[in-house]
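The next block holds one structure in the form of structure tokens; read it before the comments.
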Amino acid sequence: MRLAVVDDEVIVQKRLKQALAKDNHHVETYSSGEAFLKVQSVSPFDLVFLDVILPGIDGMETLRRIKSQGAATEVILITGRASLNAAIEAVKQGAFHYLAKPLKLDEVRHLARKALEHLRLREENRQLKEQLRHRQGWGEMVGVSPAMQEVFAMVRKVAPLDCHVLIRGESGTGKELVARAIHRESQRRDRPFMAFNCAGFTEELIASELFGYERGAFTGAVATKIGILEAAHQGTVFMDEIGDMPPSMQAKLLRVIQEGQIFRVGGTRPMQLDLRFIAASNKDLKREIQEGRFREDLYFRLNVVQIALPALRERPEDIPLLIQYFLSKYSRKFAKRVKGLDDQTREALLAYSYPGNVRELENIIERAVALAGGEILTLADLPLDLREYSVTPYQEWPPLEDQERDYIRKVLEYSHYNIGQTARILNLPRTTLWRKMKKYGLAKSTGDAS
């Protein structure tokens, strides 16, 4: 990083330059605001330590000129006690902080690190927001990874074709978002989009929800109800988790797709419908077919075009962009001004595998923003189980022997001190395991339970 010290006292220049150089910064010194501004206007610095009292242009005017140039330079004011109020006012005008003389070099280095971290976060947020403005996708479908670019390209290609589509992907990958994007880009965009989740319902409930029913069709049917399929006429029906639909309902759905007509439950008059079906599943439907749980003819009817959504762990380059998107979304929702993450929080979020995919990441950020007490998210804002993914500062790293002892102890507890099972899990000979147990005081008097 390029730093500058602007002070008319040579001894201050030397002391600050030596202190800041310890952190591998390139430091330049200037005795006046005029001399500094000539260089700053051509090649802006990252951080400036600026004395308030200077010959010629004083520190306050120099600060105003730095900010008027629009550079991202951070400024830390150096002040004597007599001008402390002026320094506080300068902070209100855009200075990052101030230091009162006599200077403490540890405090100087600490403030420099904080200012540069703030600068880095601000630049990172600017870049992410710029990416969000120019991203390719729709709504909450965010991604710059090759895998997501393929998804976006397929959506553009298939949307206007009016064919049925099968979307495959793990839970939380955004299958309904893709379905809605296809609908919005299709010729049916001005007609209804109706979504139905096939999981967890009985055949009778699915039938009444999809097909509707006539008055008196069953006990409690006191009035005619229009079903989802009828309500979606000339539009798009999204069938989520199609792999969980009971086999008998699969046959009825196949008939609807083939014939384009339905009967309400309890009805005798067929209704002709114009529908586009988009189905989604987190299951391997080919395996479901082989095991007799899904109809092959329905699969081929729906699988005219297939779109495969990648898991979030398969596109890690999209995680920072998604984090920024959700930070902005939930900052607006909760009327907060959360701008970014500190380094440890970023490390934890990037190291996590997200078994729940984008939905889980969104939930984590929503919770963190809701609980955040400042503008920067910290590890304390994350769920407890995520904090362990942060990188521990080297001063806190435990010795290797402590790590080994704790790991062996956990495996022993898992196996209920079954030595044979523990040795297999650790891939160790039993004799080696016994030696390590004795070394770490982990031996149990009950002996080998294998």
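Met245 meets the conditions (1) buried (at least 17 other Cβ atoms within 10 Å of the Cβ); (2) free of Cβ contacts under 8 Å to residues at least 12 places away in the same chain; (3) of a type outside the set (Val, Ile, Thr) in every case but one. The failed one is (2). Looking at the structure I just gave you, is Val5 assigned to a helix (DSSP H, G or I) and of a type outside the set (D, E, K, R)? Against the criterion (assigned to a helix (DSSP H, G or I) and of a type outside the set (D, E, K, R)), Val5 does not qualify. Per the listing Arg367, Arg301, the residue uniquely in a helix (DSSP H, G or I), closer than 17 Å to Gly243 by Cβ and of a type outside the set (A, V, I, L, M, F, W, C) is Arg301.
Listed by first and then second residue, the pairs linking a residue in the stretch 4-24 that is in the same structural domain as Arg109 (by TED's automatic domain parsing) and free of Cβ contacts under 8 Å to residues at least 40 places away in the same chain to a residue that is among the hydrophobic types (A, V, I, L, M, F, W, C) and part of a helix (DSSP H, G or I), with Cβ atoms under 9 Å apart and 6 or more places separating them unless they lie on different chains, are Gln18/Leu105.
Please specify each residue of the stretch 223-242 satisfying the condition of being in contact with a Gly (Cβ under 9 Å, 6 or more places away or on another chain), more than 26 Å from Gly292 (Cα to Cα) and buried (at least 16 other Cβ atoms within 10 Å of the Cβ).
Initial filter on the stretch 223-242 (in contact with a Gly (Cβ under 9 Å, 6 or more places away or on another chain)): 224-231, 241.
Retained after the next criterion (residues that are more than 26 Å from Gly292 (Cα to Cα)): 224-231.
Once the filter is applied, which keeps residues that are in contact with a Gly (Cβ under 9 Å, 6 or more places away or on another chain), more than 26 Å from Gly292 (Cα to Cα) and buried (at least 16 other Cβ atoms within 10 Å of the Cβ), the stretch 223-242 yields Lys225, Gly227, Ile228, Leu229, Glu230.
Scanning the stretch 19-53 for residues that are of a type in the set (A, V, I, L, M, F, W, C), part of a loop (DSSP other than H, G, I, E, B) and either modelled with pLDDT of 90 or more or over 19 Å from Ala95 (Cα atoms) (or both) gives a single hit, Phe45.
Any residue at all in the stretch 5-18 that is within 37 Å of the chain's Cα centre (by Cα) and either at pLDDT below 90 or not aliphatic (A, V, I, L, M) (or both)? No, the conditions are met nowhere in the stretch 5-18.
For the subset of the stretch 178-222 comprising residues that are out of contact with any helix residue (DSSP H, G or I) (no Cβ under 9 Å at 6 or more places or on another chain), surrounded by fewer than 19 Cβ atoms within 10 Å (Cβ to Cβ) and among the aliphatic types (A, V, I, L, M), which member is farthest from Leu312 (Cα to Cα)?
Start the filter on the stretch 178-222 by keeping residues that are out of contact with any helix residue (DSSP H, G or I) (no Cβ under 9 Å at 6 or more places or on another chain), which leaves 179-180, 188, 190, 202, 204-205, 208, 214-216, 219-220, 222.
Subsequent filtering for residues that are surrounded by fewer than 19 Cβ atoms within 10 Å (Cβ to Cβ) retains 190, 202, 204-205, 214-216, 219-220, 222.
Checking which are among the aliphatic types (A, V, I, L, M) leaves us with 205, 222.
Working: Leu205: 34, Val222: 47 Å.
That would be Val222.
Lys129: modelled with pLDDT under 90, over 25 Å from Leu298 (Cβ atoms) and in contact with a Ser or Thr (Cβ under 8 Å, 6 or more places away or on another chain), yes or no?
The answer is yes for Lys129.
Scanning the stretch 73-114 for residues that are among the small types (Gly, Ala, Ser) and at pLDDT below 90 turns up Gly80, Ala82, Ser83, Ala86, Ala87, Ala90, Gly94, Ala95, Ala100. A count restricted to the stretch 316-343 and to residues that are crowded, with 19+ Cβ neighbours inside 10 Å and over 11 Å from the mean Cα position of the chain (by Cα) stands at 4.
Looking across the stretch 173-207, the residues that are among the acidic types (Asp, Glu) and outside any helix (DSSP H, G or I) come down to Glu185, Asp190. Within the stretch 282-314, the set of residues being surrounded by fewer than 19 Cβ atoms within 10 Å (Cβ to Cβ) and of a type in the set (A, V, I, L, M) comprises Ile289, Val304, Val305, Ala308, Ala311. Of the residues in the stretch 208-225, none is hydrophobic (A, V, I, L, M, F, W, C) and in a strand (DSSP E or B).
Going through Thr378, Thr392 one at a time, which residue ends up being at pLDDT 85 or above and among the hydroxyl-bearing types (Ser, Thr, Tyr)? Reasoning before the result, please.
Details: Thr392 fails: at pLDDT 85 or above.
On inspection, the qualifying residue turns out to be Thr378.
Of the listed requirements (1) crowded, with 18+ Cβ neighbours inside 10 Å; (2) at pLDDT 90 or above, Pro146 misses just one: (1).
Could we say that Arg269 is free of Cβ contacts under 8 Å to residues at least 24 places away in the same chain and either part of a helix (DSSP H, G or I) or within 21 Å of Thr173 (Cα to Cα) (or both) here?
Working: free of Cβ contacts under 8 Å to residues at least 24 places away in the same chain: yes; either part of a helix (DSSP H, G or I) or within 21 Å of Thr173 (Cα to Cα) (or both): no.
Answer is no for this residue.
The values are calculated or read from the model by the stated rules, or taken from the named source; none is laboratory data. What you see is a predicted model, and the numbers here were worked out from it, not measured in a lab. Glycine gets a Cβ as well: all are built from the backbone with ideal geometry, and neighbour counts include every protein chain shown.
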